[in-house]
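Enquirer: Handing you a structure now.
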Amino acid sequence: MMPILDADTLRRHVADLVHFDTQRAGYGLDLTVGTMFQVTGAGQLDFGGSEFEPADRSLIAPERAHPDDDYGWWILDAGAYIVRYNEAIDLGGGQRAEVFPLDRLIQAGASHPAFTVHGAQTPPETLLTVGAHGIRLKENCRISRLVGIGADDTH
């Protein structure tokens, strides 16, 4: 059975954390929203991959409620979006990590699929699905939990 990496160990494999003490979890690290894209057109996927085309997307800028605010909000209607995280992940050969949506993201009316990270992901992206009533996400909000699995090979 492979050990689960604690937050301090996992930290050595994750760059660009916004605030480690806040992102530290009992069994991993929380990942934060860095960039948001709206899916604006169909992608294409075939059996062999030679005809693959990613979906069209457009960058969404966060909106500041007041000009003197430090951070803005993404105000998202129902639909599909692509989140690019702030954090870059670089795992060793015997390690992998699973990324799960935080419960509070789901309770706020949105979700993303769980996915596996191995090797270097600079930074990873995921598909965010927003429910019928939309959602407001503040810049750098924590939406996902990264759980590392495997022996620490940084010693």
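The numbers here are math on the coordinates, done by the rules we state, and not lab data. What you see is a predicted model; the values in this text were computed from it and never measured. Counting neighbours? That spans all protein chains shown, and the Cβs are built from the backbone with ideal geometry, glycine included.
Enquirer: For ARG24 paired with ASP70, estimate the spin-label separation in nm (one decimal), with each label point 7 Å from Cα along the Cα-to-Cβ line.
Expert: 2.0
Enquirer: Under a 10 Å cutoff between Cα atoms, tell me which one of PRO123, PRO62, PRO54 has the largest fluctuation in the Gaussian network model of the chain.
Expert: Looking only at PRO123, PRO62, PRO54, the largest GNM fluctuation is found for PRO54.
Enquirer: So, in nm, how far is label THR122 from label ALA42 when the simple model puts each one 7 Å beyond its Cα toward the Cβ?
Expert: For the pair THR122/ALA42, the computed spacing is 3.5 nm.
Enquirer: From the C-alpha gyration tensor of the stretch 91-155, pull out the three semi-axes of the equivalent ellipsoid (sqrt of 5λ each), sorted largest to smallest, in whole Å.
Expert: Semi-axes, largest first: 28, 10, 10 Å.
Enquirer: If you place +1 on the Cβ of every Lys and Arg and -1 on the Cβ of every Asp and Glu, how big does the dipole about the Cα centre of the chain come out, in debye to the nearest 20?
Expert: 300
Enquirer: Using Cα-Cα distances under 8 Å and only pairs 6 or more residues apart, what relative contact order does the stretch 1-69 have, in percent?
Expert: 23
Enquirer: Related question: With no solvent and one equal point scatterer placed on each C-alpha of the chain, evaluate the Debye formula and give log10 I(q)/I(0) for q = 0.10, 0.14, 0.15 Å⁻¹, two decimals.
Expert: Values, matching the q order: -0.39, -0.75, -0.84.
Enquirer: Name the long-range amide H neighbours of LEU5: under 5 Å, sequence gap of 5 or more, or other chain; modelled H, no Pro or chain starts.
Expert: Close amide H contacts, sequence-distant or interchain: GLY148, ILE149, GLY150.
Enquirer: Ok, one more. Quick one: net charge around THR32, please, counting Lys, Arg +1 and Asp, Glu -1 for every other residue with C-beta under 15 Å from its C-beta.
Expert: It works out to a net charge of 0.
Enquirer: Give me, ordered by chain and number, the residues 5 or more places off GLU87 or on other chains with an amide H under 5 Å from its own placed amide H.
Expert: THR32
Enquirer: Counting helices only, and only those DSSP H runs with n ≥ 4, report the 222 nm mean residue ellipticity of the chain as the sum of -39,500 (n - 2.57) divided by its residues, in deg cm²/dmol to the nearest 500.
Expert: Using -39500 (n - 2.57) per qualifying helix, the result is -1500 deg cm²/dmol.
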